[in-house]
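Single-structure report; data block below.
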Amino acid sequence: MTNKVDVLVGLQWGDEGKGKIVDYLSPKYDVIVRFQGGPNAGHTLEFDKKKFVLHTVPSGIFQEKVKNFVGNGIVLDPITFKQEIKTLEPYCPWIYKNLIISKHAHLILPTHRLLDAAYEQAKGERKIGSTLKGIGPTYTDKISRQGIRIGDLFNSNFKNLYKELVSKHLSILKLLNYETNIADLEQDWFNACEIFEKFQLTDTNIFIQNQLSANNKILAEGAQGSMLDIDFGSYPFVTSSNTTSAGACTGLGISPKQIGNVIGIFKAYCTRVGNGPFPTELNDITGERLRKIGHEFGSTTGRARRCGWLDLVALKFAIQINGVNQLIITKSDVLNNFDEIKVAVEYRTKNGKIQHIPFNFDDIIEPIYKSFKGWNKDIRNIKDKNQIPDELLKYIQFIEDYTQTQIKIISVGPDRNENILM
């Protein structure tokens, strides 16, 4: 009997702390894989008083004995990728051996980034808050069957494929009155593409199935968050891929029956970057306090994150659509000095109270909260679950009862070792 693929997903609007937790869990696995998204991800890891932000490379790369794989569901920017590799190389000298890339992953072209900016500009006040990394336009070309994959780099007709697609992009940019000169961008892009010659490129399905047949343990690392899923997120203010556990099937070439544990990560409160619905957002001194204490600024964009109380209605929804069977709560320490902590348990709408995500977020008039007494104690140095303050235990117990899912780990700080095992 072969192993199954465990999947780790964010359950909010991203920035839940996936990078730290994957890094923490990776010694228990043989392979860490990314299955969707692109350089719009910013997975932050801290250890030995150093901080790293990973955009494309899986968060198991710092473990010398762990293989890392970039799956076919990823869209990859050669320039960003090359910069990331050069940054990591001094700390991960094994990176060219341990990082393997799917030939099926799609490439982000310079014109994809330009299209991203042009589309956002054209939307005016209806901007979705794109990271402007070219993610959406790249997935658009993938779906319209005209994208370019990493494996195409080594085909004799690559230049023709590139010129044909860029010509289409330039026509669109002209229609959008978006002026640009891509000569310099192209040169940097082609130079960056040479980095792939140093890596093993393979077919996704062959690599993953061989690892499973060898009984190796695999952890699939999700990017963004479930509430940004292209199908089930707060559409149209979503990302361009399936961020739920189901995305691991199409992004890695595995069947649903090959998925094992689904681990869901969420913050002790909520944040969101960019525009879009956010029922529990706090546009007051409390929201600003959460932002300041939690250092809530995007690791990819640098933008200030919107902050609010934990939304249990949205969390339960995310748990259901992912099939989560164990939870990890992060950034609990940010709430150390709050006298009162709230969680949303219902929404008030024009048609009454509901405990589910409505089709239209505009139907939500206000969240209905349950209040908890804060623990007013520094929990960052706690390692033993028996030392957890009673107030925090009550908070945890309520979340578990509401979601019918057990919390296995409480993260109490940014370092890989600041965790309480439950």
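Could you work out the relative contact order of region 356-422, using alpha carbon pairs under 8 angstrom and six or more residues apart, expressed as a whole percent?
30
Could you tell me how far the Cα centroid of region 5-55 sits from the Cα centroid of region 74-103, in Å?
15
Using the Cβ atoms and a cut-off under 11 Å, what net charge is assigned to the surroundings of Trp189, where Lys and Arg are +1 and Asp and Glu are -1?
Neighbourhood net charge equals -3.
Just to confirm the number: angle between the C-alpha axis of helix 158-175 and the first principal axis of the chain, 0 to 90 degrees, nearest 10?
60
So how tilted is helix 110-123 from the main axis of the chain? Cα-based, degrees 0 to 90, rounded to 10.
50
How about Lys331: which aspartates and glutamates have a C-alpha closer than 13 Å to its C-alpha, ignoring those fewer than 8 places off in the same chain?
Partners within reach: Asp15, Glu16, Glu296, Asp378, Asp415, Glu418.
If I take every Cα pair under 8 Å that is 6 or more residues apart in region 106-194, average their sequence separation and divide by the length, what percent do I get for the relative contact order?
Contact order relative to length: 37 percent.
Assign one of three labels to region 168-260, namely rounded, prolate or oblate, based on the Cα gyration tensor with a ≥ b ≥ c the square roots of its eigenvalues; rounded applies when a/c is under 1.5, prolate when it is not and a/b is larger than b/c, and oblate otherwise.
Cα axes put region 168-260 in the oblate bin.
Multiply the residue gap between Asp378 and Asn191 by 0.36 nm, knock off their C-alpha separation, and tell me the result in nm, one decimal place.
Here the answer is 62.4 nm.
If each residue's Cβ is checked for other Cβ atoms within 10 Å, how do Ile321, Ile263, Ile396 rank with the fewest at the top?
Ile321, Ile396, Ile263
Given a cut-off of 21 Å, name the pairs among Lys18/Lys316; Lys316/Lys383; Lys267/Lys292 whose C-alpha atoms lie farther apart than that in the structure shown.
Working: Lys18/Lys316 18 Å; Lys316/Lys383 27 Å; Lys267/Lys292 15 Å.
In this structure, Lys316/Lys383 exceed 21 Å between Cα atoms.
Enter the angle in degrees (range 0 to 90, nearest 10) between the Cα long axis of helix 183-193 and the first principal axis of the Cα atoms of the chain, meaning the one along which they spread out most.
The answer is roughly 80 degrees.
Counting only the backbone N, which residues of region 315-341 are under 13 Å from the spot 7 Å out from the Cα of Phe361 toward its beta-carbon?
315
How about region 1-64: which GluC sites (Glu not before Pro) there lie in a loop by DSSP and see at most 15 other Cβ atoms within 10 Å?
Qualifying residues, ordered by number: Glu64.
Enumerate the calculated ³J(HN,Hα) couplings along region 143-157 in order (Karplus 6.51 cos²θ - 1.76 cosθ + 1.60, θ = phi - 60°), each rounded to whole Hz, writing x wherever the residue is Gly or Pro.
Once θ is set to phi - 60°, the couplings for region 143-157 become 5, 8, 6, 9, x, 10, 9, 4, x, 5, 4, 9, 8, 5, 9 Hz.
What ranking do Ser411, Ser171, Ser102, Ser234 get, fewest neighbouring Cβ atoms within 10 angstrom at the top?
Lowest count first: Ser171, Ser234, Ser411, Ser102.
What ³J(HN,Hα) values, in whole Hz, does the Karplus curve 6.51 cos²θ - 1.76 cosθ + 1.60 give for region 247-262 when θ = phi - 60°, with x put for Gly and Pro?
x, 5, 5, 7, x, 9, x, 10, 8, x, 6, 8, 8, x, 6, 10
Would you calculate the separation in nanometres between label points at Asp231 and Glu89, each defined as 7 Å from the Cα along the Cα-to-beta-carbon direction?
4.1
Write out the chymotrypsin sites (Phe, Trp or Tyr not before Pro) in region 291-382 meeting two conditions: DSSP loop, and at most 11 other Cβ atoms within 10 Å of their Cβ.
Answer in residue order: Phe359.
Hey, can you rank 177-185, 114-122, 36-44 by average C-beta count inside 10 Å, highest first?
On the way: 177-185: 12.0, 114-122: 18.7, 36-44: 26.0.
Packing proxy ranking, top to bottom: 36-44, 114-122, 177-185.
Among bridges DSSP assigns within region 21-118, what percent are antiparallel (round to 5)?
DSSP beta bridges in region 21-118 are roughly 35 percent antiparallel.
Taking 2.2 N^0.38 Å as the expected size of a compact globular protein, what ratio does the Cα radius of gyration of region 267-421 give against it, to two decimals?
Output field value: 1.04.
Given R₀ = 22 Å, what would the calculated FRET efficiency be for Lys159 paired with Asp184, taking r from the Cβ atoms and rounding to 0.05?
Efficiency, from the Cβ-Cβ distance: 0.75.
Taking the beta-carbon count within 10 Å as an exposure proxy, list Glu125, Glu89 from fewest neighbours to most.
Values: Glu125 5, Glu89 12.
Going from least to most buried by this count: Glu125, Glu89.
Classify region 106-194 as rounded, prolate or oblate, taking a ≥ b ≥ c as the square roots of the eigenvalues of its Cα gyration tensor: rounded when a/c is under 1.5, otherwise prolate if a/b is larger than b/c and oblate if not.
prolate
For Lys28 and Asp339, what is the calculated FRET efficiency with R₀ set at 45 Å and r taken between the beta-carbons, to the nearest 0.05?
That pair, Lys28 with Asp339, gives E of 0.75.
With n ≥ 4 as the cut-off for DSSP H runs, can you work out [θ] at 222 nm for the chain, using -39500 (n - 2.57) per run divided by the number of residues, rounded to the nearest 500?
Helix-only estimate at 222 nm: -9000 deg cm²/dmol.
I'd like to know how the chain sits against the 2.2 N^0.38 Å rule of thumb: what's its Cα Rg over that expected value?
Against the compact-globule rule of thumb, the ratio is 0.98.
Please report the net charge: other residues with Cβ closer than 10 Å to the Cβ of Met422, K and R +1, D and E -1.
It works out to a net charge of +1.
Using θ = phi - 60° and the Karplus form 6.51 cos²θ - 1.76 cosθ + 1.60, what ³J(HN,Hα) does each residue of region 206-218 get, whole Hz, x for Gly and Pro?
Residue by residue, region 206-218 yields 4, 4, 5, 5, 5, 5, 5, 5, 7, 6, 7, 8, 10 Hz.
Every number in this text was worked out from the coordinates using simple rules, so none of it is lab data. Values in this document were obtained by computation on a predicted structure and should not be read as measured data. Glycine also receives a Cβ, built like all others from the backbone with ideal geometry; neighbour counts cover every protein chain displayed.
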